[in-house]
Amino acid sequence: MNYTEKTKLIQTRAAALLEAGEVSYVLGWGATRFADKTRARFARSPEEAATLVYNEHCTQSLAKYLVDDRWPETRIAILARGCESRAINRMIRDNQIRRENLLILGLPCEGTDAERCRSCRAHDPVVYDELLWEPNSTGAAAAAELSRYYRADAVDALSAAEKKAYWDDVYARCIRCYACRNACPVCSCRECFVDMHRTGFQGKRHSATDNQTFGVTRAFHVGDRCIECGECERACPMGLPILAQTQKILKEIEALAGDYEQGLDAAQDNYLGAFDLDDKDDFM
Ligand code: SF4
Ligand code: SF4
């Protein structure tokens, strides 16, 4: 099935759901004035359903929008590939959204123009109500061009002095726009520590130290819940390789605890957030 046929299928199903009043809107992608770019599109009527598109330029993950509408009047339909479905599972686990509010239209994915798709291991949705076409026959892990931890591996290969120079250079270029935080589906606190101006955590001046404080804190807040969607990097206007930070945390957890991937189901704990009352705290 080609993209034109998939787009038609999405439009037809979305129009039927809206016509029947089963959902408030269908969250998908729409065209822009650039042929190689799409954007999030909220289709609220059968006529608007005809403006949904699906192609290799659908690089944006849609899941983060769900936290902006936590109490919908009727269910929301969302188009979900592997990355959106893993984000949905994690957001349910974090009590940010409710499964019963969602109608998940699963889209087995072949990858997009986005860099993150080159190391994706979960092209097919892991949770859905309806699958709109057959799962990806090429298989996800087998199709990945890059290793799972490719960014973290590259930084790990550096000496301590080279690592410092690397991250100093990255955070000298950060403009602290917080796009990485805003795009991340697992970064969902209602009030973020960097917005607490009265406590003086973060000033407005350009400061490499403040930039690094933000970057490292962000990585630790989301690291063990990261579903590796790459939205942080995609959204960064400075093109900074910040996925390496959460990849590093995931890589270290996997070395300690064995296989570790987030978002595969909605009951999954996160490693740094779990505790055991019988923990002897020998390290304290
Ligand atoms: S999106 Fe990029 S430039 Fe903006 S705060 Fe995050 S790392 Fe810095
Ligand atoms: S930290 Fe980046 S890769 Fe991980 S869930 Fe957030 S946006 Fe996705």
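The values are calculated or read from the model by the stated rules, or taken from the named source; none is laboratory data. Note that the structure is predicted; figures quoted are calculated from it, not measured. Quick reminder, even Gly has a Cβ in these numbers, built from the backbone with ideal geometry, and neighbours come from all protein chains shown. What goes into the accessible areas is simple: the full protein's heavy atoms, side chains included, and nothing from ligands, DNA or RNA. Shrake-Rupley method; radii C 1.70, N 1.55, O 1.52, S 1.80 Å.
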### Message
For a quick check of your reading: which helices (runs of 4 or more DSSP H) sit entirely within region 60-171 and have at least 2 residues that are more than 25 Å from M238 (Cβ to Cβ) and open to solvent by less than 60 Å² (accessible area, probe 1.4 Å)?
### Response
82-93, 140-143
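Quick check on region 248-266. Is at least one of its residues near ligand 1 (Cβ under 10 Å from one of its atoms) and either within 21 Å of M91 (Cβ to Cβ) or in contact with a Pro (Cβ under 7 Å, 6 or more places away or on another chain) (or both)?
no
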### Query
Which of (1) more than 23 Å from E233 (Cα to Cα); (2) in contact with a helix residue (DSSP H, G or I) (Cβ under 8 Å, 6 or more places away or on another chain); (3) surrounded by 17 or more Cβ atoms within 10 Å (Cβ to Cβ) does L27 not meet, given it meets every other one?
(1)
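Please count how many residues of region 40-65 are under 22 Å from N182 (Cβ atoms) and more than 12 Å from the chain's Cα centre (by Cα). Before you say what the answer is, go through the steps one by one.
Of all residues in region 40-65, those under 22 Å from N182 (Cβ atoms) come to 40-42, 57-65.
Subsequent filtering for residues that are more than 12 Å from the chain's Cα centre (by Cα) retains 40-42, 57-58.
Adding up the residues that qualify gives 5.
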### Message
Pairs needed: first member in region 216-236, assigned by TED's automatic domain parsing to the domain that holds T59; second member anywhere, more than 7 Å from ligand 2 (Cβ to nearest atom) and in a loop (DSSP other than H, G, I, E, B); C-beta distance under 9 Å; at least 6 residues apart or different chains.
### Response
none
### Query
From the list A122, A87, which residue is within 14 Å of ligand 2 (Cβ to nearest atom) and under 16 Å from A40 (Cβ atoms)?
A87
### Task
Could you please tell me which pairs satisfy a Cβ distance under 7 Å, a separation of 6+ or placement on different chains, a first residue in region 21-36 that is in contact (Cβ under 8 Å) with a residue 60 or more places away in the chain, and a second residue that is of a type in the set (F, W, Y) and open to solvent by 40 Å² or more (accessible area, probe 1.4 Å)?
none
#### Entry: Only listed residue being touching a residue at least 24 places away in the same chain (Cβ under 8 Å) and within 16 Å of ligand 1 (Cβ to nearest atom), chosen from A80, A122, A114
A114
### Message
Just to check your reading of the model, which residue among S61, S85, S24, S45 is within 16 Å of ligand 1 (Cβ to nearest atom) and among the small types (G, A, S)?
### Response
S61
### Message
When you check E56 against the structure, is it of a type in the set (D, E, K, R), without any contact (Cβ under 8 Å) to a residue 60 or more places away in the chain, in contact with a helix residue (DSSP H, G or I) (Cβ under 8 Å, 6 or more places away or on another chain) and open to solvent by 60 Å² or more (accessible area, probe 1.4 Å), yes or no?
### Response
yes
